[in-house]
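The values are calculated or read from the model by the stated rules, or taken from the named source; none is laboratory data. The structure displayed is predicted, hence computed values, not measured ones. Glycine also receives a Cβ, built like all others from the backbone with ideal geometry; neighbour counts cover every protein chain displayed.
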Amino acid sequence: MKILPALRRRFAAIPAARRRQLGLLLLTVAVLAFPFVHDNDADIDSMANAAAYAMLALGLNIVVGFAGLLDLGYAAFFAIGAYFYGVFTSFQVMPLWSEGWAPLAALGLVEKMSQGGPELVHFTLSFWLALPVAALVAAGFGVLFGAPTLRLRGDYLAIVTLGFGEIVPIVARNVDSVTNGAAGLNGVQAPKLFGWSFGIDAMPYYYVSIGLVALLIFVSIRLRDSRIGRAWMAIREDEVAASTMGVHLVRLKLLAFATGAAFAGLTGVFYVAKLQTATPEMFGFPVSTMVLVMVVLGGMGSVWGVVLGAAVLQLLQSWFLPDLTAWTHAFGELVGNAWLQRVDFVESVELIFGIILVVMMLFRRDGLIPATRKTPALSFAAQNVAGVQRGGFVGLERIGRWRNGSGNALEVRGVTVRFGGLIALNKVFLTVPAGGVVAVIGPNGSGKSTLFNAITGLVPAQEGSIHFEGAEILGLKPHAILARGVARTFQNIRLFPNLTVLENVLIGQHARLTTGPVGAVLRLPRTRAEEAAATRRAHDIIALFGNRLAPRAGQTVSGLSYANRRRVEVARALATRPRILLLDEPTAGMNPAETLELAEQIKSLNGLGLTILLIEHKLDVVTRLADTVVVLDHGEKITEGKPDEVRRNEEVLRAYLGRAVREAIHV
Amino acid sequence: MSEPTDPILEFQAVNTYYGDLHVLKNVCYTIGRGEIVSLLGGNASGKSTTMKTIMGVVRPASGRVLFDGAEIQDMPTSERVRRGIAPVLEARRLFPRMTVYENLEMGAYTRPKGAGFAQDLERVYTLFPRVQERRGQIAGTLSGGEQQMVAIGRALMARPRLICMDEPSMGLSPLYVEQVFDIIRHINAQGTTIFMVEQNASMALSIAHRAYVLQTGQVVLSGTAKDLRENPAIREAYLGELQVPGAA
Amino acid sequence: MTTFDLFLQQAINGLSLGAMYALLALGFTLVYGILELINFSHFNVFMVGSFIALWTLQQFGLFGQETILVGLPLAGVLLVTFTVTMLATGVIGVGIERFLLRPLRDVKGPAAMITTIGVSYILFNIILLTVGADSKNFPNPLPPLQIAIGGAVLRLREVLIWIIATLLMLALTFFVQRTKLGRAMRATAQDPEAARMMGVEVDRVIMTAFFLGSALAGASGLIFGLYYNFTSFLIGFNAGLRGFTAAVLGGIGNVPGAMLGGLIIGLVEAFGGQLIGSAWADVIIFAILVLVLVFRPAGLLGRLAPNRS
């Protein structure tokens, strides 16, 4: 009996990465050996179905789990893939033969046929070719459906996708000539491999499905752990912050939608090839919901979780519920209860889906295998590994110097911002010289943050122009403005709360990296090098704050103190390689010592040549840092000058201090 | 410092969290009946959280909040309003698509309409003739100063014994700020206790009897307004975070 | 039938459908206006409502279209059926809110919406499993009175549907505009935190919104049965999508908007079905939804959602 604990200790001694490899190996062996161990065609078929649903769940997970876009009509893309393969391998659509078809016939894509009448074309698209092509076609539809709707608020998107999901089966039902309507496509060809047809035996489908699931898991993980995946998660966590960190919202949302659609299109080909028929009912709202239930059950955003969710639900339907029904009937017979003898749990599977959704949302929102695990807080010992570095940055030389031209970096000319009838900014002029520090002060509600929002493209300005390094940036989208080198922090801190410090800082580099979806999946040496360099740089930037942040790089931001969140926001902004840094009350919520420390750090950044525009209330910080102070009140610039001059300006005193001080001055 | 002997509101070692963030740290306040007390501090120092803790919008994790000697920290907001605490919220927060009159009605929400409603309405109209002129107008279309008057009037409609004000000067032009502060004094003279969060420290200290200074969620200083006004450290750090030129 | 007769007939049909959708849209709008939540369970609260109405009518011994009532018995049966149905669906709505949605009130993200999808599914399958998949004949005790307007026919049932829907909408408008709780509801919809600080018990307001919305969905389900003479476990989806589209078209959160949107959607369905074919009615409705959302997200009368700070 002492063997088990001993084994557990041995197991625990193996490094985590090794343990994962071991687990993966065992899983692979088990999955591959299954048909030999358990030679039952119906069960192997159930497993292949489960795999098909796992593929769908993996696709929906990219949309819902990674990017946070609730898609309730996901089965539409499944249908598109399915009908694509079905139409091009069945006898449904048969145009008249002409010589124009000959090249395709030579490629084996079509055959010449005649059934007593005229010569017709019979499509004979290969299964293996159909897989990637259908994925692309479905992705195309994803872009088509997504383009008008992905700008909508999240909840509207849900209902619009619900509608799309409903329309595709309606079209399938009513365009008889292509789809054979409600009766469904018949005679869809089974896949062939070197001339051998898969037929109706479950075994080959099983292995194909396992291969496809493995492929999609691989793609999912590669995407998740890349620049693309990080951008998706940033969108999920906070769209506004993501866009100001350089994430092109529309493009990345479309990419998520298209990738999810591609997975579904691929699955559609497989599923129809396996069933050799396609009817509109196979792709209705219940299917979309079932896939959603799988994702929710497994854990939104969790790759292995959704595979598990799909497997559990599919096997529940095909194995457990029929067994349970049989047992209940037997029990009913035993106790003589008529209802127990009649009840059929398989019919109530959708009821169970509904219950799963509700129960998971109420009690376990992160699913069976949560995508993110809460990182434990640092131990007291870990917090005290080294003395806190006060003032200045540590290792500043690693992040390089800024080279500035002469002249003005930023010129705000006569900018007016109105919200309805309220004038938030009224013809404001402001100039930040390259390499300088300008501070904006003014009472709360005087328009300071609105000014930052106008500069970074978050609110439209009705009048005026904003030039950065000589070019107009007013009217550009936030990500484009970031790309020019304008980075910011927010007064109310907008980090990505469920991501780690390191991930937050990596997202800051989004616009400076180039890896696309293909590169992320292939992960060629160039991508690896880029990613390694990005991570190195992120660590360098985090290390600037000494042991305030460095030991916490792997912690989720939501567990950090206020002051540390402010530091992460500065780090994230620095990671964007800004040409100008806009800091909105960077020291709010900090005590005097922390304030002083951050002020010194900002000063040292400026010492390296970084141009800074700063909103600040604490005058000692302003005096210490700024060359020029601009005072806003009621959306208007009331004065501008050197810190000392501004402090003596009577109008400023009136705006800021009100009557009490004026009385004190005049008395 | 002389603690008031007849407190209307007390915080006893209150700790408040937002998620993992520790926002109020062992905070103690004592607000005497009939006082004007200011709460000073920078943005994100815990001022607004104090207001929300009094009103019951956030609940403290530990500590006690006493109103009139009774523990209220676990009471719903509506019960606190019924007992006599009314808020003037940051940035006014009127109901923008309701008329001025309906906003005032909302102020009296916890009281049966018969019970002195007309009398209170009259009092608000006397205090703010402008509000009476605009009573049929949609609140969202008023100017900032007019909105602040309605916001204060709305609080008065609850016939409160304590009014909690969150930055009453925010976004107002100097003329309105003076008017608003005159009104606050006037309301206080009629017997209502005022607890006021203000960023405009000089202004706040000019009408307050006492004040607390909050920094990163902790009370770092407290005393009579006069003492604080003359405290050089306060002048440096908190008097509107601007120094008075030539030390006045 | 002349073209004009056809036009008139479709207008009559469209107004009846519109009354039904408007009542349904109000439930979406009341809840969305306060919580910014698309309540998918509303789809099937409507469907359940039609079955509760069916059951109530059966208690009066009404089964098919054969039994005709007139005068007081008719008025009594209708009054009781509407009351029972609306109370029952109202209670269902309140139960959903109290036990399943309130615990998620402060949870960010799609959790609450996903829960309503789950609830909708549960209601749908409970009816499917208990009542069965075949559609049920819905009793219609109204005398077959009708008048001909040209070639078009206006039946008593349509007139009745219009009257009942109008009364319900007037009552709701009165409640929202003139009562203390209605005012609290509007205040909560505009600024939940400020309303709470005025002493409004926000939980009670939200519960009221769910009760009223669900009760109106129940009335709408009853009207469905009276209009179509059948009901089925399937009717929630299409009607729900139309009701939601109506709410968005009018400006979600906007009570008069929901009424206007409902009428328009009803007319569009009637005329669109006539012109293009009823198989495509869903596509037309859905196209309207997407076009409104993309080009005029505030709807016809303006979107009214809470100002969240």
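Out of A:R579, A:R624, report the one residue that is more than 10 Å from chain B (Cβ to nearest Cβ), surrounded by fewer than 23 Cβ atoms within 10 Å (Cβ to Cβ) and within 31 Å of the chain's Cα centre (by Cα). That would be A:R579, the only listed residue that is more than 10 Å from chain B (Cβ to nearest Cβ), surrounded by fewer than 23 Cβ atoms within 10 Å (Cβ to Cβ) and within 31 Å of the chain's Cα centre (by Cα). Taking region B:68-81 only, how many residues are away from chain C (no Cβ under 14 Å) and on the phi < 0 side of the Ramachandran plot? Final tally of qualifying residues: 4.
Within region A:411-442, the set of residues being of a type in the set (G, A, S) and outside any loop (DSSP other than H, G, I, E, B) comprises A:G414, A:A424, A:A439.
Would you call A:G81 under 30 Å from A:D238 (Cβ atoms) and modelled with pLDDT of 85 or more? So A:G81 does not fit the description; no. So, of the residues in region A:96-135 that are exposed (fewer than 14 other Cβ atoms within 10 Å of the Cβ) and assigned to a helix (DSSP H, G or I), which turns out to be farthest from the chain's Cα centre (by Cα)? That would be A:E99. From the list A:V93, A:V29, the one residue that fits, being surrounded by fewer than 24 Cβ atoms within 10 Å (Cβ to Cβ) and in contact (Cβ under 8 Å) with a residue 40 or more places away in the chain, is A:V93.
When you look at A:A231, is it at pLDDT 95 or above, in contact with a helix residue (DSSP H, G or I) (Cβ under 6 Å, 6 or more places away or on another chain) and closer than 28 Å to A:F452 by Cβ, yes or no? Considered against the rule, which asks whether it is at pLDDT 95 or above, in contact with a helix residue (DSSP H, G or I) (Cβ under 6 Å, 6 or more places away or on another chain) and closer than 28 Å to A:F452 by Cβ, A:A231 comes out as yes. Is it the case that some residue within region C:162-180 is within 30 Å of B:A139 (Cβ to Cβ), among the small types (G, A, S), within 14 Å of chain B (Cβ to nearest Cβ) and without any contact (Cβ under 8 Å) to a residue 60 or more places away in the chain? No, region C:162-180 contains no residue that is within 30 Å of B:A139 (Cβ to Cβ), among the small types (G, A, S), within 14 Å of chain B (Cβ to nearest Cβ) and without any contact (Cβ under 8 Å) to a residue 60 or more places away in the chain.
Scan region A:170-181 for residues that are more than 10 Å from every other protein chain (Cβ to nearest Cβ) and in a helix (DSSP H, G or I) and jot them down. Give the steps one after another, and end with the answer.
Taking region A:170-181 first, the residues more than 10 Å from every other protein chain (Cβ to nearest Cβ) are A:172, A:175-181.
Passing the criteria: A:A172, A:D176, A:S177, A:V178, A:T179, A:G181.
Taking the criterion of being among the aliphatic types (A, V, I, L, M) and either assigned by TED's automatic domain parsing to the domain that holds A:G268 or not in a helix (DSSP H, G or I) (or both), would at least one residue in region A:16-28 satisfy it? Talk me through it step by step, then tell me what you get.
First, the residues of region A:16-28 that are among the aliphatic types (A, V, I, L, M): A:16-17, A:22, A:24-27.
Next, only the ones that are either assigned by TED's automatic domain parsing to the domain that holds A:G268 or not in a helix (DSSP H, G or I) (or both) stay: none.
No - not one qualifying residue is present in region A:16-28.
Looking at region A:322-332, can you tell me whether even one residue there is assigned by TED's automatic domain parsing to the domain that holds A:Y53, crowded, with 19+ Cβ neighbours inside 10 Å and either under 30 Å from A:V63 (Cβ atoms) or in contact with a helix residue (DSSP H, G or I) (Cβ under 8 Å, 6 or more places away or on another chain) (or both)?
No, because not a single residue in region A:322-332 is assigned by TED's automatic domain parsing to the domain that holds A:Y53, crowded, with 19+ Cβ neighbours inside 10 Å and either under 30 Å from A:V63 (Cβ atoms) or in contact with a helix residue (DSSP H, G or I) (Cβ under 8 Å, 6 or more places away or on another chain) (or both).
State whether one or more residues within region B:17-33 are surrounded by fewer than 21 Cβ atoms within 10 Å (Cβ to Cβ), of a type in the set (A, V, I, L, M, F, W, C) and free of Cβ contacts under 8 Å to residues at least 60 places away in the same chain. Yes: region B:17-33 contains one or more residues that are surrounded by fewer than 21 Cβ atoms within 10 Å (Cβ to Cβ), of a type in the set (A, V, I, L, M, F, W, C) and free of Cβ contacts under 8 Å to residues at least 60 places away in the same chain. Of the helices (runs of 4 or more DSSP H) lying entirely inside region C:128-211, those containing at least 1 residues that are under 20 Å from the mean Cα position of the chain (by Cα) are C:156-178, C:180-190.
I'd like the full set of residues that are under 21 Å from the mean Cα position of the chain (by Cα) and assigned to a helix (DSSP H, G or I), limited to region A:560-576. Result: A:V568, A:E569, A:R572, A:A573, A:A575. Every condition in (1) within 14 Å of chain B (Cβ to nearest Cβ); (2) out of contact with any strand residue (DSSP E or B) (no Cβ under 9 Å at 6 or more places or on another chain) holds for C:A194 except the one numbered (2). The criterion of at least 1 residues that are more than 10 Å from chain A (Cβ to nearest Cβ), at pLDDT 90 or above and buried (at least 24 other Cβ atoms within 10 Å of the Cβ) is met, among strands (runs of 3 or more DSSP E) falling completely within region B:119-231, by B:162-166, B:193-197, B:210-215.
Would it be correct to say that C:L222 is part of a helix (DSSP H, G or I), in contact with a Phe, Trp or Tyr (Cβ under 7 Å, 6 or more places away or on another chain), away from every other protein chain (no Cβ under 14 Å) and of a type outside the set (K, R)? Spelling it out, C:L222 is indeed part of a helix (DSSP H, G or I), in contact with a Phe, Trp or Tyr (Cβ under 7 Å, 6 or more places away or on another chain), away from every other protein chain (no Cβ under 14 Å) and of a type outside the set (K, R).
Across region A:144-153, the qualifying residues are those that are in a helix (DSSP H, G or I) and facing another protein chain (nearest Cβ under 7 Å), and the one among them that is farthest from A:L292 (Cα to Cα) is A:P148. Please name all residue pairs, on different chains or six or more residues apart, with Cβ atoms under 7 Å, provided the first residue is in region A:598-614 and is on the phi < 0 side of the Ramachandran plot and among the polar types (S, T, N, Q) and the second residue is crowded, with 16+ Cβ neighbours inside 10 Å and in a loop (DSSP other than H, G, I, E, B). Qualifying pairs under 7 Å: A:Q601/A:F393; A:S604/A:F393; A:T611/A:N404; A:T611/A:A434; A:T611/A:G435; A:T611/A:G436; A:T611/A:R579.
Within region C:105-163, the set of residues being within 30 Å of A:G299 (Cα to Cα) and of a type in the set (S, T, N, Q) comprises C:T115, C:T116, C:S120, C:N125.
Need at least 2 residues that are under 20 Å from C:R204 (Cα atoms) per element, so show me which helices (runs of 4 or more DSSP H) inside region B:21-113 make the cut, counting only ones lying wholly within it.
Because the criterion is at least 2 residues that are under 20 Å from C:R204 (Cα atoms), the helices (runs of 4 or more DSSP H) in region B:21-113 that meet it are B:77-83, B:100-107.
When region A:34-76 is filtered for residues that are of a type in the set (G, A, S) and not in a loop (DSSP other than H, G, I, E, B), the ones remaining, listed by number, are A:A42, A:S46, A:A48, A:A50, A:A51, A:A52, A:A54, A:A57, A:G59, A:G65, A:A75, A:A76. Conditions: (1) in contact with a Gly (Cβ under 8 Å, 6 or more places away or on another chain); (2) within 14 Å of chain C (Cβ to nearest Cβ); (3) at pLDDT 90 or above. A:L223 meets all but one. Number of the miss? The single condition A:L223 does not satisfy is (2).
Out of A:V312, A:V296, report the one residue that is aliphatic (A, V, I, L, M), surrounded by 22 or more Cβ atoms within 10 Å (Cβ to Cβ) and modelled with pLDDT of 90 or more. So the residue among A:V312, A:V296 that is aliphatic (A, V, I, L, M), surrounded by 22 or more Cβ atoms within 10 Å (Cβ to Cβ) and modelled with pLDDT of 90 or more is A:V296. For region C:79-114, a residue qualifies if it is without any contact (Cβ under 8 Å) to a residue 40 or more places away in the chain, surrounded by 15 or more Cβ atoms within 10 Å (Cβ to Cβ) and more than 14 Å from chain A (Cβ to nearest Cβ), and exactly one does: C:V84.
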